[in-house]
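K.L.:
Could you have a look at this structure, given as structure tokens, before my questions?
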Amino acid sequence: MPSSDYDPASLPDLLPLYYRRLFPFSQYYRWLSYGGVQKNYFQNREFSFTLKDDIYVRYQSFSTQNELEKEMQKMNPYKIDVGAVYSHRPSQHNTVKSGTFQALEKELVFDIDMTDYDDVRSCCSAADICSKCWTLMTIAIRILDRALRDDFGFQHRLWVYSGRRGVHCWVCDEAARKLSVAARSAVTEYLSLVKGGDETVKKVVLTEPIHPFISNSLDVVKEYFTQYALHDQDLMGSKESVEKVLALVPEDARSYLQQEFEKEKKPDKRWKLIMTEAKRKQSTAKKGQYFEKEIMLQYCYPRLDANVSKGVNHLLKSPFSVHPKTGRISVPIDVSELDKFDPFSVPTISLICEELDRPRPGEEKEKLEDGKEKEDEKDAIEKRKIRDYKRTSLAKYIKYFDQFLDGMARSWKAERLRKSDLQKEF
């Protein structure tokens, strides 16, 4: 069954196989236990499962990887959400004295959803995406990843495809996990430029001097703007979209541009006229006239779901969860190969389960080895699971996740050394 043939009705049959043979439990546990630097970090983490028929089970927590594995293989969740690390075990939250059960830490997270761009994309709307509008997600990741790295100094940023129409970012540095609600709000505010609801016409307003962060973001937008906005979205083509763009231009410049557009019909040349008029305004106006930059940012700048980022106890869909409607796996995105990432080539659960059944060379030898390994049953199961996912399209995404975890492990090692050195000093 090719990936395009995913049938949501088959999900109850596929999930048990996925959780038994393909879900990367050992990497997942390695990620959320953060090297054991802090005691009870994994044990006090909240997991939430959405089961068949939208049954929602919150405040799940587990002592070990084995416990998590068994419960997920028993419940076969349609969706997994990850929440905060609490003061007590979430599964015991009802037994704790009122007011003492507190969300203490969580990764700094960002959620970008294509539906928030519906006023500026013409190719699709609502839950639909295509390769044309996916460029918006590429721009969002490039802008935010650079800012999180260079402006805030965060090293461990995990970008994950949601499985349908968006992307999530998990900033896993210790400093990010310990941020207060006020600090998370400040970071989110710094990264937010597009403001106002459906009633707001002009959603980006730039003031002088332009902040370096905005200049850096514009540099990214400019790389994609001609192809994405002028060609793929036909921004300066149809009468309706031209009117929307001109509504963002000062009134005196608007009437001049409307006259010019009567004579000039080519989208690229129309945009050039806007750029030229903006430059002329900038040289004569007393205060900043940046309307061409404001247009570019309004149409291309990342649109964040601020509430997801600000709260410590906010749940976010887990990496390697399955999207029930598309069947696609929420896979990590390798930012170094971002322009090659194609959401439509992300494997579906039906594809990877089918790949498991395909015979491959060397299989008989592996079965013999498995027979010898019976003495250490747990080890044999783990090895078999590694071999299982390696024969599917999931392999390259788990390999990238491993590389991400290796980078984090180096910082855990340094942290443990620092702590032991401090203890020696006393």
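The values are calculated or read from the model by the stated rules, or taken from the named source; none is laboratory data. If you're wondering where the values come from, they're calculated on a predicted model, not measured in any experiment. Please note: Cβ atoms are built from the backbone with ideal geometry, for glycine as well, and neighbour counts cover all protein chains shown. Calculation scope for accessible area: heavy atoms of the full protein, side chains included, ligands and nucleic acids excluded. Shrake-Rupley method; radii C 1.70, N 1.55, O 1.52, S 1.80 Å.
K.L.:
Just name one of GLY99, LEU11, PHE110: the one whose Cα is farthest towards the positive end of the charge dipole of region 6-145 (beta-carbon charges, Lys/Arg +1, Asp/Glu -1).
P.N.:
Farthest towards the positive pole: GLY99.
K.L.:
Okay, moving on. Using +1 on the beta carbon of Lys and Arg, -1 on that of Asp and Glu, and nothing else charged, what's the dipole of region 195-300 about the Cα centre, debye to 20? List each step's numbers first, then the result.
P.N.:
Values: 19 positive and 18 negative charges, 70 e Å.
Roughly 340 debye for region 195-300.
K.L.:
Ok, one more. Counting only protein heavy atoms, what percent of the accessible surface of the chain is carbon or sulfur at a 1.4 Å probe? Write out the running numbers ahead of the final one.
P.N.:
Details: 10400 of 20710 Å².
C and S atoms contribute 50 percent here.
K.L.:
Of TYR78, TYR301, TYR56, which has the largest mean-square fluctuation in a 10 Å C-alpha GNM of the chain?
P.N.:
Top of the fluctuation ranking is TYR56.
K.L.:
Can you pull the one-decimal nm distance between simple spin-label points at LYS222 and GLU354, each 7 Å off the Cα toward Cβ?
P.N.:
With each label point 7 Å from Cα toward Cβ, the separation is 4.6 nm.
K.L.:
Calculated from DSSP H runs of 4 or more alone, at -39500 (n - 2.57) each and per residue, what is the 222 nm mean residue ellipticity of the chain, nearest 500?
P.N.:
Values: 16 runs with 194 residues, N = 426.
Rounded to the nearest 500, it is -14000 deg cm²/dmol.
K.L.:
Bins of 5 Å, beginning at zero and ending with the bin holding the largest distance: percent of Cα pairs per bin for region 208-267, please.
P.N.:
Spelled out per bin, shortest first, that is 4, 16, 19, 20, 19, 15, 6, 0.
K.L.:
Using θ = phi - 60° and the Karplus form 6.51 cos²θ - 1.76 cosθ + 1.60, what ³J(HN,Hα) does each residue of region 6-21 get, whole Hz, x for Gly and Pro?
P.N.:
Each residue of region 6-21 in turn: 4, 10, x, 5, 7, 4, x, 7, 8, 4, x, 5, 4, 6, 7, 10 Hz.
K.L.:
With no solvent and one point on each alpha carbon, what is the Debye value of log10 I(q)/I(0) for region 115-163 at q = 0.19, 0.31 Å⁻¹?
P.N.:
Treating every Cα as an identical point scatterer, log10 I(q)/I(0) equals -0.71, -1.18.
K.L.:
Provide Rg over Rh for region 195-300; use the alpha carbon set for both Rg and the Kirkwood Rh (inverse mean inverse pair distance). Let's see the in-between values first.
P.N.:
On the way: Rg = 13.4 Å, Rh = 14.3 Å.
Radius of gyration relative to Kirkwood radius: 0.94.
K.L.:
Continuing with the same structure: Using C-alpha positions alone, give me the convex hull volume of the chain per residue in cubic angstrom. All intermediate terms of the calculation are to be shown ahead of the outcome.
P.N.:
Details: hull volume 82.1 nm³, N = 426.
Hull volume over Cα atoms, normalised by residue count, gives 193 Å³.
K.L.:
Considering only GLN282, MET236, ALA247, whose Cα is most displaced toward the positive end of the charge dipole of region 195-300, charges sitting on Cβ of Lys, Arg (+1) and Asp, Glu (-1)?
P.N.:
In region 195-300, that residue is GLN282.
K.L.:
Sequence-distant or interchain residues sharing an amide H contact under 5 Å with GLU105, placed H: which?
P.N.:
VAL85
K.L.:
Here's something else I'd like to know. Along the charge dipole of the chain, pointing to its positive end and built from +1/-1 on Cβ of Lys, Arg, Asp and Glu, which listed residue (ILE143, LEU316, VAL201) has its Cα farthest out?
P.N.:
With unit charges placed on the Cβ atoms, the residue in question is ILE143.
K.L.:
Follow-up. Under 18 Å from a point 7 Å along the Cα-to-Cβ line of SER125: which residues of region 270-300 have their amide N that close?
P.N.:
Flagged as within label range: none.
K.L.:
A further question on this structure: With θ set to phi - 60° and the Karplus curve 6.51 cos²θ - 1.76 cosθ + 1.60, what are the ³J(HN,Hα) couplings of region 402-410 in order, to the nearest whole Hz, using x for Gly and Pro?
P.N.:
With coefficients 6.51, -1.76 and 1.60, one gets 4, 5, 4, 5, 4, x, 5, 4, 4 Hz.
K.L.:
Next question. Can you give the accessible area per residue of the chain, in Å², using a 1.4 Å probe?
P.N.:
Ligands and nucleic acids excluded, the result is 49 Å² per residue.
K.L.:
Next question, about the same structure. Relative to the Cα centre, what is the charge dipole magnitude of the chain, using +1 at the beta carbon of each Lys and Arg, -1 at the beta carbon of each Asp and Glu, and rounding to the nearest 20 debye? Intermediate results must be reported in sequence, preceding the final value.
P.N.:
On the way: 70 positive and 67 negative charges, 161 e Å.
In total the dipole reaches around 780 debye.
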